[in-house]
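The next block holds one structure in the form of structure tokens; read it before the comments.
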Amino acid sequence: MKIMLKGDDPTFDRNYASAVAGAIPGGLAADAHWSWSTFTEARRACRELDELGLSFIEDPFAASDIRLTHELRRDLVTPIAAGEDIFGPRAVSDLVNGIDILRVDATTIGGITGAVEAINIAAAAGRTVFPHVFSPIHVHLACAFPNVESVELIPEESGADPLHLLLRNVPTAKDGKMSPSPEPGIGISVDWEGVERLSRRHAVIAPDA
């Protein structure tokens, strides 16, 4: 399970994370979502969390702040996860050597080709990969590469990621496991009836006479 940190209230974040971690020991991660812009404030906040046994703290800084991310990692016990918004093999290589978990996102890193390249760079550095959401895409990578440990799933009932309303053949999780579609490619398709049902505007484009 992953929680979102406020980032501007270390006391609240510690109390919140501590309460959830107590209920699921060893099974909690925290997403800072670029909360900090200086090493000093990030260190102060993360040290409040460093004794909770979190699986990782994600995205303490913006994607471009690779140096600060590395510096913070050296100062903490808790693993650091980052990378969902970076692009290109050079950026991946620069980032991955100073973190614990690479967050690959095939929708931002250059499709499946870019994701495979990033996963291989992480493997060469001895790092694991935890893809960023979009589990129907990333479950294929988890099945293909041993250093991709799992995929991230946002429950449909949360309403936070309603893509399933626009797609067909989306794989589902059961008992903590997910199998990719056996169909060619990713195996999912657009549900055009769902798109029409949820659209707010319609337009008809007539062919040339």
Within the range 170-191, residues out of contact with any Lys or Arg (no Cβ under 8 Å at 6 or more places or on another chain), open to solvent by 40 Å² or more (accessible area, probe 1.4 Å), touching a residue at least 12 places away in the same chain (Cβ under 8 Å) and under 17 Å from ILE154 (Cβ atoms) come out as VAL170, ALA173
Find the residue count for the range 18-32, including only residues that are under 12 Å from the mean Cα position of the chain (by Cα) and part of a helix (DSSP H, G or I). 0
Does THR113 satisfy the condition of being surrounded by fewer than 19 Cβ atoms within 10 Å (Cβ to Cβ) and in a helix (DSSP H, G or I)? yes
Log entry, pairs with first residue in the range 35-64 being β-branched (Val, Ile, Thr), second being open to solvent by less than 20 Å² (accessible area, probe 1.4 Å) and in a helix (DSSP H, G or I), beta carbons closer than 7 Å, six or more apart or on different chains, reads ILE57/CYS46
How many residues does the range 98-110 hold that are open to solvent by 40 Å² or more (accessible area, probe 1.4 Å), touching a helix residue (DSSP H, G or I) at 6+ places or on another chain (Cβ under 8 Å) and without any contact (Cβ under 8 Å) to a residue 40 or more places away in the chain? 2
What residue, among those in the range 114-145 that are modelled with pLDDT of 95 or more and polar (S, T, N, Q), is farthest from THR172 (Cα to Cα)? ASN120
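The values are calculated or read from the model by the stated rules, or taken from the named source; none is laboratory data. What you are looking at is a predicted structure, and each value in this text was computed from that prediction instead of being measured. We place every Cβ from the backbone using ideal geometry, glycine too, and count neighbours over all the protein chains shown. With ligands, DNA and RNA removed, areas are computed over all heavy atoms of the protein, side chains included. Shrake-Rupley method; radii C 1.70, N 1.55, O 1.52, S 1.80 Å.
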